[in-house]
Amino acid sequence: MAAQSKIKASELIGPDDDDAVELAKRHLVQPWPYAGSVGNEARALIGEGDGIYITDGSGKRLIDGPAGMWCINVGHRREELAKVMYDQAMALSYNTPWYTMNAPSAELARRIADAAPGDLSHTFFTTGGSSAVETALRFMQFYNNVRGRPEKKLILSRGGAYHGSTYLSASLNGRPRDRDWMDGADDLVVKLSSPDPFRRPKEMSIAAFTDFLVEQFRDTVARVGAERIGAFVGEPVQASGGVVVPPDGYLKRIREICRENDILYVSDEVVTGFGRLGHVFASRDVFGIDPDMITFAKGVTSGYFPLGGVIISERLLEELRRSNHPDALFGHGLTYTSHPIGCAVALKNLDLLEGGVLAHAREIAPYFQAQLKTLEELPLVGEVRGVGLMACVECVADRESKDPLQLDKDVGKRIDAHCHELGLLVRPLINMCVMSPPLIITKEQVDDMVAILREGISRTMDDLRKEGVWRG
């Protein structure tokens, strides 16, 4: 790894930590706020990052368990990426994508085509994951309009899914509480069951559960009508839904049903792409599927610059070029589509990934999963599941009933608070803790992370017992 430049947050332009907290409370609207605190909230202040570590506003050094938001794949403070940002900004900071182009975006599109499965050969660049999914869905609508099938627009999604925060992408979401107070394009979306083996009926085998999911999908297509369904959108692993890894063979069987019924299969790899599962893309290399489109973001720049995109099958583009409507306009674009700085950073990030980070991720993933699995010894833990360098610790009040702690919906936050004190940042999701550290993590650092998480869960169990809300 290149030598790291030790720049401190205090040396940068901006307010000091105390002022930043007060300014946030007075002027900053945080994402996903509650009405009772919206516009009057300050969250944990992070000042610096280095490798797999971050430093909070009090100076405490923490393992960055979520890697930012699944995205700091090559680690914090990579001088190579910082230098590329500077060099590209000094050469060309921006160009309008409406009637000009830049070289980094063309080269990045080629590199992505080389890594993508099947005939996915062309990329439309966006600003992040939500806009990538939105673009894929708008392309599906355009594609069917041009082909004379304006009724083929419905989208199949699943319980537990998370696909974004734009209006159309958010309409696909199926996590608890995401849509309780928010509107969506419900007339365009058909929801299916979550492919979560942990939540299957008690007496149902994994094989029977897989058959149930597949038959539900097939029955839904027959009931709704394949002539009305334009796309299925699915994460290979439901990330923000709690790292739900589908049963073996499930995705392949869903892919076949989509192919049989001319339904576009959109694989949402915003989280699983660019190394999280040890490969640039996981669709084929991990799950054996060749989608019609793949959406990506997050790890494509390791979080150093906002960038996302959708990779589109050559077959779909060729069908459009052969249509009877050569003047039909795909009226979709973003001011920062194909941003030269973002694309330059992504190219260097790919060099780092393919230069050893991917191989390291594949090598350490089994150890990461095995060490986290030991946490199932704790009575509060119902299941530890995951694949690659993403995992979830799901806590339950009772292993027999798998009650997700309805008496206390802040179990994840309780564990996170204890872990923060001990030197680890986790991502709390109601009764779950999600872990997805930078891909450069070592075995010794995995041991540290798991030891802190074990202690944080143990302290939470003591708290719940003392408060009389849990008797485990």
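The values are calculated or read from the model by the stated rules, or taken from the named source; none is laboratory data. Remember, predicted model here, so these are calculated numbers, not experimental data. Glycine also receives a Cβ, built like all others from the backbone with ideal geometry; neighbour counts cover every protein chain displayed.
Among the residues of the range 160-187, write down those that are of a type outside the set (A, V, I, L, M, F, W, C), over 16 Å from the mean Cα position of the chain (by Cα) and surrounded by 17 or more Cβ atoms within 10 Å (Cβ to Cβ).
Residues of the range 160-187 that are of a type outside the set (A, V, I, L, M, F, W, C), as a first pass: 160, 162-167, 169, 171, 173-180, 183-184, 186-187.
Right, trim to over 16 Å from the mean Cα position of the chain (by Cα) and you get 167, 171, 176-177, 179-180, 183-184, 186-187.
Passing the criteria: only 171.
Within the range 215-229, does at least one residue satisfy the condition of being within 30 Å of residue 32 (Cβ to Cβ), assigned to a strand (DSSP E or B) and at pLDDT 95 or above?
no
Which pairs have Cβ atoms under 7 Å, sit 6 or more apart or on different chains, and link a residue in the range 457-469 that is within 16 Å of residue 418 (Cα to Cα) to one that is part of a helix (DSSP H, G or I)?
Short answer, once both residue conditions are applied: 457/375; 457/415; 459/418; 460/411; 460/414; 460/415; 460/418; 463/414.
Would you pick out the residues in the range 306-322 that are part of a loop (DSSP other than H, G, I, E, B) and either among the basic types (Lys, Arg) or loosely packed, with under 13 Cβ neighbours inside 10 Å (or both)? Lay out the reasoning, then the answer.
Taking the range 306-322 and keeping what is part of a loop (DSSP other than H, G, I, E, B), we get 306-307, 322.
Once the filter is applied, which keeps residues that are part of a loop (DSSP other than H, G, I, E, B) and either among the basic types (Lys, Arg) or loosely packed, with under 13 Cβ neighbours inside 10 Å (or both), the range 306-322 yields only 322.
When you scan the range 33-84, how many residues do you find that are basic (Lys, Arg) and within 26 Å of residue 432 (Cβ to Cβ)? First the steps, then the outcome.
Going residue by residue through the range 33-84, those that are basic (Lys, Arg) are 43, 60-61, 77-78, 83.
With the extra rule that they be within 26 Å of residue 432 (Cβ to Cβ), the set shrinks to 43, 60-61.
Qualifying residue count for the region: 3.
Hey, could you check the range 218-231 for residues that are more than 10 Å from residue 261 (Cβ to Cβ), in contact (Cβ under 8 Å) with a residue 24 or more places away in the chain and not hydroxyl-bearing (Ser, Thr, Tyr) and say which is surrounded by the most Cβ atoms within 10 Å (Cβ to Cβ)?
Applying the first criterion (more than 10 Å from residue 261 (Cβ to Cβ)) to the range 218-231 yields 219-220, 223-224, 228, 230-231.
Subsequent filtering for residues that are in contact (Cβ under 8 Å) with a residue 24 or more places away in the chain retains 220, 224, 228, 230-231.
Subset that is not hydroxyl-bearing (Ser, Thr, Tyr): 224, 228, 230-231.
Details: 224: 13, 228: 13, 230: 22, 231: 26.
Here the answer is 231.
Could you list, in sequence order, the residues of the range 207-248 that are among the aromatic types (Phe, Trp, Tyr) and closer than 24 Å to residue 313 by Cα?
Initially, the range 207-248 is screened for residues among the aromatic types (Phe, Trp, Tyr), giving 209, 212, 217, 232.
Answer for the range 207-248, where residues must be among the aromatic types (Phe, Trp, Tyr) and closer than 24 Å to residue 313 by Cα: 217, 232.
Looking at 456, 423, which one is in contact with a helix residue (DSSP H, G or I) (Cβ under 8 Å, 6 or more places away or on another chain), assigned by TED's automatic domain parsing to the domain that holds residue 52 and more than 25 Å from residue 198 (Cα to Cα)? Spell out the reasoning first.
On the way: 456 fails: more than 25 Å from residue 198 (Cα to Cα).
After ruling out the rest, the residue left standing is 423.
What do you reckon, is residue 165 touching a Ser or Thr at 6+ places or on another chain (Cβ under 8 Å), assigned by TED's automatic domain parsing to the domain that holds residue 242 and part of a loop (DSSP other than H, G, I, E, B)?
Working: touching a Ser or Thr at 6+ places or on another chain (Cβ under 8 Å): yes; assigned by TED's automatic domain parsing to the domain that holds residue 242: yes; part of a loop (DSSP other than H, G, I, E, B): yes.
Answer is yes for this residue.
For residue 79, only one of the following conditions fails: (1) surrounded by 14 or more Cβ atoms within 10 Å (Cβ to Cβ); (2) touching a Ser or Thr at 6+ places or on another chain (Cβ under 7 Å); (3) among the acidic types (Asp, Glu). What is its number?
All conditions pass for residue 79, except number (1).
Scan the range 242-287 residue by residue and report those that are touching a helix residue (DSSP H, G or I) at 6+ places or on another chain (Cβ under 7 Å) and among the β-branched types (Val, Ile, Thr).
254, 257, 263, 266, 270, 271, 272, 280
Only residues that are of a type in the set (Ser, Thr, Tyr) and exposed (fewer than 15 other Cβ atoms within 10 Å of the Cβ): list them for the range 82-130, please.
First, the residues of the range 82-130 that are of a type in the set (Ser, Thr, Tyr): 86, 93-94, 96, 99-100, 105, 121, 123, 126-127, 130.
Of everything in the range 82-130, those that are of a type in the set (Ser, Thr, Tyr) and exposed (fewer than 15 other Cβ atoms within 10 Å of the Cβ) turn out to be 86, 93, 94, 96, 99, 100.
Of everything in the range 432-455 that's surrounded by fewer than 24 Cβ atoms within 10 Å (Cβ to Cβ) and not aliphatic (A, V, I, L, M), which residue is farthest from residue 360 (Cα to Cα)?
455
Which one is surrounded by the most Cβ atoms within 10 Å (Cβ to Cβ) among residues in the range 250-281 that are farther than 19 Å from residue 161 by Cα and of a type in the set (Gly, Ala, Ser)?
Among them, the one singled out is 275.
Quick check: anything in the range 381-390 of a type in the set (A, V, I, L, M) and more than 23 Å from the chain's Cα centre (by Cα)? Give the derivation first.
Here is the first cut: in the range 381-390, the ones of a type in the set (A, V, I, L, M) are 381, 384, 387, 389-390.
The next check asks that each one be more than 23 Å from the chain's Cα centre (by Cα); those that pass are 381.
The answer is yes; a qualifying residue exists.
Within the range 333-353, identify whether any single residue is assigned to a helix (DSSP H, G or I), under 28 Å from residue 85 (Cβ atoms) and over 23 Å from the mean Cα position of the chain (by Cα), and answer yes or no.
Going through the range 333-353, the residues assigned to a helix (DSSP H, G or I) turn out to be 340-353.
Adding the requirement that they be under 28 Å from residue 85 (Cβ atoms) leaves 340-353.
From what's left, over 23 Å from the mean Cα position of the chain (by Cα): 340.
Yes, the range 333-353 has at least one match.
Collect the residues in the range 421-472 that are in a strand (DSSP E or B) and not hydrophobic (A, V, I, L, M, F, W, C), keeping them in residue-number order. Don't jump to the end; show me each part of the working.
Residues of the range 421-472 that are in a strand (DSSP E or B), as a first pass: 424-425, 427-429, 432-435.
Once the filter is applied, which keeps residues that are in a strand (DSSP E or B) and not hydrophobic (A, V, I, L, M, F, W, C), the range 421-472 yields 427, 428.
Taking the range 14-44 as the search range and keeping residues that are of a type in the set (A, V, I, L, M) and either outside any loop (DSSP other than H, G, I, E, B) or in the same structural domain as residue 182 (by TED's automatic domain parsing) (or both), which one is nearest to residue 179 (Cα to Cα)?
From the range 14-44, those of a type in the set (A, V, I, L, M) are 20-21, 23-24, 28-29, 35, 38, 42, 44; that's our starting set.
Still in the list and also either outside any loop (DSSP other than H, G, I, E, B) or in the same structural domain as residue 182 (by TED's automatic domain parsing) (or both): 20-21, 23-24.
Values: 20: 31, 21: 29, 23: 30, 24: 26 Å.
Here the residue is 24.
What residue, among those in the range 399-420 that are free of Cβ contacts under 8 Å to residues at least 40 places away in the same chain and not in a loop (DSSP other than H, G, I, E, B), is farthest from residue 456 (Cα to Cα)? Before the answer, list the steps.
Pass one, the range 399-420, residues free of Cβ contacts under 8 Å to residues at least 40 places away in the same chain: 399-401, 403-404, 406, 409-410, 412-413, 417.
Now drop any that are not not in a loop (DSSP other than H, G, I, E, B), which leaves 403, 412-413, 417.
Numbers: 403: 21, 412: 10, 413: 11, 417: 8 Å.
Taking the candidates together, the pick is 403.
Please report, ordered by residue number, the strands (runs of 3 or more DSSP E) entirely within the range 45-144 with at least 2 residues that are touching a Leu at 6+ places or on another chain (Cβ under 8 Å) and not acidic (Asp, Glu). Even if it seems obvious, please write down each step before you answer.
Working: elements: 46-50, 53-56, 61-64, 120-126.
Correct list: 53-56, 61-64, 120-126.
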